[in-house]
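The values are calculated or read from the model by the stated rules, or taken from the named source; none is laboratory data. The structure presented is a predicted model; accordingly, all values stated were derived computationally and were not measured. Using ideal geometry, Cβ is built from the backbone for each residue, glycine included, and neighbour counts are taken over all protein chains shown.
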């Protein structure tokens, strides 16, 4: 396969890597460059059951799961290429000593760029995000380790700079993407079926129905029950623009990337997968079954009333969401009129999905842990997956 140009922006928490990389992605798309985006942490959520000492025990041979994440990245690159991407942007942490291990991403033509900030500035940004009384010792120690690592990667200091200034500097210093790189036509056979077996629970529904919040609770309950489980947010593995005219939800790419990441997770010991993602029409479901023909997919359709949808959409518009900080949430900061439109559309989608799925679960005025418990009870999970 032809190597895919990849720009990986990394650094400690608070340096702006996600915001900068997403803004660069948006700029490239606006300029007519077919591009993909991946948050590396979003393709690395494959955890063993918690222990009394560790919420997420680290593999002895792969502390930080950095190699797992790079293998997953390599697995999805072919799908971005087949979708028509000229390049892929990646944001996320790396091993502080080894950095980005290019040997684990053989299908990438890799460019790396580290962002940093002075300790006082980094502490200020972290406090603005999490509160002044929080302890940032781990984050600051990681930043210091990166400073001391002495890698030859391009390094940009973001202290005192705006996001726009950092993006401009990244583009100027990397010369990325190379305008000479050609774009391959989307593959007509994409995605190819993946033979990886296993059990997958998919929580679906439109915006603000509660997929991510409930899905994460389901995932944590599985782990507490002793299951080595994985988690994937379909939106987070489906960032490609321009969106294909015949597939406005990017479901072909999402299905292909779900299969690719699941293959990596399964080989790393995962027994089952919880995935969350939007579904607008019943006709979109077969795309996922075709991409994962050997897997047993249980589709759980979440439901909420128009009143609750409107309230949740409004809260997301104000940034009041458990997933705040993830790239691509296009509701934050939107006008009241736009948020009303989104809530109304979500209600229409729920009507259109009536009868779709293996089970239907009401979410109105219920805590997420209660909904998660019902889903596990009705699906029979976490009986030992095969």
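For the range 237-247, indicate whether the set of residues that are crowded, with 23+ Cβ neighbours inside 10 Å, within 26 Å of residue 37 (Cα to Cα) and free of Cβ contacts under 8 Å to residues at least 40 places away in the same chain is non-empty. Looking for residues that are crowded, with 23+ Cβ neighbours inside 10 Å, within 26 Å of residue 37 (Cα to Cα) and free of Cβ contacts under 8 Å to residues at least 40 places away in the same chain, one finds at least one in the range 237-247, hence yes. Applying a threshold of 9 Å to beta carbon distances and a minimum spacing of six or more residues, or different chains, the list of pairs starting in the range 352-373 at a residue that is assigned by TED's automatic domain parsing to the domain that holds residue 215 and ending at one that is exposed (fewer than 14 other Cβ atoms within 10 Å of the Cβ) and in a strand (DSSP E or B) reads 371/362.
Among the residues of the range 85-116, what is the count of those that are assigned to a loop (DSSP other than H, G, I, E, B) and in contact with a strand residue (DSSP E or B) (Cβ under 8 Å, 6 or more places away or on another chain)?
Of the residues in that region, 9 qualify.
If you take the residues of the range 117-153 that are at pLDDT 95 or above and not in a helix (DSSP H, G or I), which of them is surrounded by the most Cβ atoms within 10 Å (Cβ to Cβ)? If we take residues in the range 117-153 being at pLDDT 95 or above and not in a helix (DSSP H, G or I), then 117 is surrounded by the most Cβ atoms within 10 Å (Cβ to Cβ). Here the condition is being more than 19 Å from the chain's Cα centre (by Cα) and free of Cβ contacts under 8 Å to residues at least 12 places away in the same chain; of 341, 271, 330, it holds for 341 alone. Within the range 193-207, not a single residue is outside the structural domain of residue 374 (by TED's automatic domain parsing), under 25 Å from the mean Cα position of the chain (by Cα) and within 23 Å of residue 109 (Cβ to Cβ).
When you check residue 293 against the structure, is it more than 20 Å from residue 215 (Cα to Cα), part of a loop (DSSP other than H, G, I, E, B) and at pLDDT 95 or above, yes or no? For residue 293, the condition - more than 20 Å from residue 215 (Cα to Cα), part of a loop (DSSP other than H, G, I, E, B) and at pLDDT 95 or above - is met. The single condition among (1) modelled with pLDDT under 95; (2) surrounded by 14 or more Cβ atoms within 10 Å (Cβ to Cβ) that residue 19 does not satisfy is (1). In the range 278-287, the count of residues that are touching a strand residue (DSSP E or B) at 6+ places or on another chain (Cβ under 9 Å), in a strand (DSSP E or B) and either surrounded by 22 or more Cβ atoms within 10 Å (Cβ to Cβ) or not assigned by TED's automatic domain parsing to the domain that holds residue 222 (or both) is zero.
Go over the candidates 177, 206 one by one and state the one that is buried (at least 20 other Cβ atoms within 10 Å of the Cβ) and at pLDDT 90 or above.
206
In the range 357-370 there is at least one residue matching the filter, namely being closer than 21 Å to residue 230 by Cβ and assigned to a helix (DSSP H, G or I).
On inspection, residue 107 qualifies as within 11 Å of residue 6 (Cα to Cα) and surrounded by fewer than 21 Cβ atoms within 10 Å (Cβ to Cβ). Taken over the range 33-72, the criterion of being under 20 Å from residue 1 (Cα atoms) and touching a residue at least 40 places away in the same chain (Cβ under 8 Å) is satisfied by 34, 35, 36, 37, 38, 71, 72.
Matching residues to (1) under 16 Å from the mean Cα position of the chain (by Cα); (2) modelled with pLDDT of 95 or more; (3) crowded, with 23+ Cβ neighbours inside 10 Å; (4) closer than 22 Å to residue 144 by Cα:
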site	(1), (2), (3), (4)
1	no, no, no, no
9	yes, yes, yes, yes
25	yes, yes, yes, no
42	yes, yes, no, no
52	no, no, no, no
57	no, no, no, no
63	no, no, no, yes
